[in-house]
Amino acid sequence: MKFAKAVEELGQEQKKAAEMIPQFNIGDTVRVHFRIVEGEKERVQVFEGVVIGRKGGESPNAKFTVRRVAFGEGVERVFPLHSPRVEKVEVTREGRVRRAKLYYLRERSGKAARVKVKARSTSAKEQK
């Protein structure tokens with residue numbers, strides 16, 4: 001019991017603040033800036049793709065999966081949401097989907113693997 005409570009407290013300490021958590025949804029195209037250590041050097045690598053799943057909500061062990069196609073090969077990467085190595089997550093495009101997990105994109109290729117863009121309102125009333 002004590003061990004489980006200690007692990008939970010440690011997880012709460014490691015969580016990012018609510019305003020530091022990036023706001024994105026399933027189907028969004030994101031650019032994840034991930035810090036990589038190579039020997040003694042440290043650099044930031046950018047991974048851009050479609051968010052095909054999220055797991056864990058906002059909990060300390062929450063994670064999200066990003067998929068992209070590089071050189072004709074599908075590449076998926078799972079990122080911990082609260083990791084100090086994830087510097088930032090930029091949303092480049094908001095997607096409109098009707099599923100919680102987009103695993104069906106794994107079987108699709110080319111134009112069939114695209115996600116529709118979320119419609120934006122252009123009326124004058126909502127701009128004010």
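The values are calculated or read from the model by the stated rules, or taken from the named source; none is laboratory data. This one's a predicted model, so the numbers in the text were calculated from it and none came from an experiment. Cβ placement follows ideal geometry from the backbone for every residue including glycine, while neighbour counts extend to all protein chains displayed.
Tabulated data for the structure shown
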read-out: Complete set of residues in the range 50-61 that are of a type outside the set (Lys, Arg) and at pLDDT 90 or above; value: VAL50, VAL51, ILE52, GLY53
read-out: When residues of the range 66-99 are limited to those that are exposed (fewer than 12 other Cβ atoms within 10 Å of the Cβ) and under 14 Å from ASN25 (Cα atoms), the one farthest from the chain's Cα centre (by Cα); value: ARG98
read-out: Number of positions in the range 100-115 that are at pLDDT 90 or above and part of a loop (DSSP other than H, G, I, E, B); value: 4
read-out: Pair list, Cβ under 6 Å, 6 or more apart: the range 42-65 residue under 16 Å from LYS88 (Cα atoms) and in contact (Cβ under 8 Å) with a residue 40 or more places away in the chain, other residue assigned to a strand (DSSP E or B) and among the polar types (S, T, N, Q); value: VAL50/THR29
read-out: Residue in the range 35-65 that is farthest from the chain's Cα centre (by Cα), counting only those that are more than 14 Å from LYS15 (Cα to Cα) and polar (S, T, N, Q); value: GLN45
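So that you can scan it fast, the table gives a plain yes or no per residue for (1) outside any strand (DSSP E or B); (2) closer than 30 Å to ALA4 by Cβ; (3) touching a Cys at 6+ places or on another chain (Cβ under 8 Å); (4) not hydroxyl-bearing (Ser, Thr, Tyr):
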position	(1), (2), (3), (4)
PHE47	no, no, no, yes
THR65	no, yes, no, no
GLY74	no, no, no, yes
HIS82	yes, yes, no, yes
ARG98	yes, no, no, yes
